[in-house]
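Novice: Here's a structure for you.
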Amino acid sequence: MILVTGSSGHLGEALVRTLRKNGREVLGIDIVPSEFTSELGSIVDRHFVKRWMKGVDAVLHTATLHKPHVVTHSRQSFVDTNVAGTLNLLEEASAAGVGSFVFTSTTSAFGRSLTPPPQSPAAWVTENVTPVPRNIYGVTKTAAEDLCELFHRNSALPCIILRTSRFFPEEDDREETRKTYDDANVKVNEFLYRRVDLEDVVSAHLLAIEKAPSIGFGRYIVSATTPFTPEDLIDLRANAPLALKRKVPEYETEYARCGWKMFPRIDRVYVNERARNQLGWRPLFDFKYILNRLKAGTDPRSQLARTVGSKGYHSRKFAEGPYPAE
């Protein structure tokens, strides 16, 4: 049986949907009821976690407080959910002899490492970049990652950490971006360097379950495959449209048809090479693939992403944007 935490959430629902479709036995837990959640309860409650860890072969741990909660939730809440909750799961998974533990982390964990100094090339972000968390969200996610590594080292629990890039469907939290670009334009641009489709995120998690016992422990960036190389980093920071035209010249025609434009500058590129090489991950939705879907008049999102749709992060709406930003 596979335990999915945060099963009422965006990724959690997608995982439960896919596992059920594949005929896998799955148990979803969450504090929010939904048709994808079997048991209601919090990972902060050690007794609840212990009760439902029995008979579990693999854990997909997606439950978390996210970056959009930084303004609306206390730091203690982040520590309770993201750190103590993860610790509860790791301890009970280890005690129950779980064979694979997959932790959904975030490229936001890199924090200030993602912004190069002025006049510098764009950052080439691999798993070797040292995180410098920007807020309590990043701090608690990196702390939870370290707990996973500790439990692998001390208890031989097979743990895989997936640092996922953006896959949320909500609008960008920056007002300037929302005013300057069409939302679909923003998201397609981001597939060049910091976005991934939900279907590809799910496939990475399912591969991680399979590979965890043989790998033991690993951290992996889960982001769409970029067309860029380190040789493009200077131009990306100075003139991103020029760099893109060199790699994907046909983009200009399609963008003109859509009334879109490329960002003037890109300051970082997430690199998924380790996930492709070690997990055997083959993400389908990259910039060129999406461009071809646009040319064909097809929705650039996967069917899974369209089915799950937007979950939102809060129970109420905010006048200043999809969620309050720091």
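Novice: Restricting attention to the range 71-111, report how many residues are of a type outside the set (Ser, Thr, Tyr), outside any helix (DSSP H, G or I), in contact with an Asp or Glu (Cβ under 8 Å, 6 or more places away or on another chain) and under 23 Å from Ser223 (Cα atoms).
Specialist: Number satisfying all stated conditions: 1.
Novice: While we're on this one: Could you count how many residues in the range 249-270 are under 27 Å from the mean Cα position of the chain (by Cα), assigned to a loop (DSSP other than H, G, I, E, B) and over 17 Å from Ala184 (Cβ atoms)? Walk me through it before giving the result.
Specialist: Quick first cut of the range 249-270, residues under 27 Å from the mean Cα position of the chain (by Cα) only: 251, 255, 260-270.
This time we only want the ones that are assigned to a loop (DSSP other than H, G, I, E, B), so: 260-267.
Add one more test, that the residue is over 17 Å from Ala184 (Cβ atoms), and what stays is 264-267.
Within the range 249-270, residues that are under 27 Å from the mean Cα position of the chain (by Cα), assigned to a loop (DSSP other than H, G, I, E, B) and over 17 Å from Ala184 (Cβ atoms) number 4.
Novice: Still on this structure, I have one more. Can you pull out every residue in the range 231-248 that is β-branched (Val, Ile, Thr) and within 26 Å of the chain's Cα centre (by Cα)?
Specialist: The one that is β-branched (Val, Ile, Thr) and within 26 Å of the chain's Cα centre (by Cα): Val248.
Novice: When you look at Phe78, is it buried (at least 21 other Cβ atoms within 10 Å of the Cβ), out of contact with any helix residue (DSSP H, G or I) (no Cβ under 7 Å at 6 or more places or on another chain), among the hydrophobic types (A, V, I, L, M, F, W, C) and modelled with pLDDT under 95, yes or no?
Specialist: no
Novice: Quickly run through the range 29-70 and pick out the residues that are part of a strand (DSSP E or B) and either within 21 Å of Ala144 (Cα to Cα) or in contact with a Leu (Cβ under 6 Å, 6 or more places away or on another chain) (or both). I'd like the intermediate steps shown before the answer.
Specialist: If we filter the range 29-70 for residues that are part of a strand (DSSP E or B), which is where we start, we get 29-30, 39-40, 58-61.
Matches in the range 29-70: Ile29, Asp30, Ala58, Val59, Leu60, His61.
Novice: Now a separate question. Identify the residue in the range 81-105 that is among the hydroxyl-bearing types (Ser, Thr, Tyr) and touching a Ser or Thr at 6+ places or on another chain (Cβ under 6 Å) and, among all such residues, is surrounded by the fewest Cβ atoms within 10 Å (Cβ to Cβ).
Specialist: Looking at the filtered set, the residue picked out is Ser94.
Novice: Here's a follow-up. Scan the range 258-274 and report the pairs whose first residue is among the aromatic types (Phe, Trp, Tyr) and whose second residue is surrounded by 21 or more Cβ atoms within 10 Å (Cβ to Cβ) and in a strand (DSSP E or B), with Cβ atoms within less than 8 Å and a gap of 6+ or a chain change.
Specialist: Tyr270/Val125; Tyr270/Ile221
Novice: Name the residues in the range 181-208 that are buried (at least 22 other Cβ atoms within 10 Å of the Cβ) and of a type in the set (A, V, I, L, M), would you?
Specialist: Val188, Leu192, Val196, Leu198, Val201, Val202, Ala204, Ala208
Novice: Cβ-Cβ below 7 Å, separation at least six or inter-chain, first residue in the range 209-236 and more than 20 Å from Val196 (Cβ to Cβ), second in a helix (DSSP H, G or I) and among the polar types (S, T, N, Q): which pairs?
Specialist: Every condition considered, the pairs that remain are Ile215/Gln278.
Novice: Applying the selection to the range 27-66, what residues are surrounded by fewer than 22 Cβ atoms within 10 Å (Cβ to Cβ), among the β-branched types (Val, Ile, Thr) and within 21 Å of the chain's Cα centre (by Cα)?
Specialist: Ile31, Val32
Novice: Continuing with the same structure: Only one of (1) closer than 21 Å to Asn128 by Cα; (2) out of contact with any strand residue (DSSP E or B) (no Cβ under 7 Å at 6 or more places or on another chain) is not met by Asp200, so which one is it?
Specialist: (1)
Novice: Right, something else. Scan the range 170-210 residue by residue and report those that are outside any helix (DSSP H, G or I), under 30 Å from Glu25 (Cβ atoms) and out of contact with any helix residue (DSSP H, G or I) (no Cβ under 8 Å at 6 or more places or on another chain). Lay out the reasoning, then the answer.
Specialist: Of the range 170-210, the ones outside any helix (DSSP H, G or I) are 170-174, 181-182, 191-197.
Applying the additional criterion that residues be under 30 Å from Glu25 (Cβ atoms) yields 196-197.
Of everything in the range 170-210, just one residue is outside any helix (DSSP H, G or I), under 30 Å from Glu25 (Cβ atoms) and out of contact with any helix residue (DSSP H, G or I) (no Cβ under 8 Å at 6 or more places or on another chain), namely Val196.
Novice: Quick one: Glu190 ticks every box in (1) modelled with pLDDT of 95 or more; (2) touching a Pro at 6+ places or on another chain (Cβ under 6 Å); (3) of a type in the set (D, E, K, R) bar one, so which box is it?
Specialist: So Glu190 meets the others, but not (2).
The values are calculated or read from the model by the stated rules, or taken from the named source; none is laboratory data. Given the structure is predicted, the values throughout are model-derived calculations rather than measurements. Heads up, the Cβs are rebuilt from the backbone with ideal geometry, glycines too, and the neighbour counts pull from every protein chain shown.
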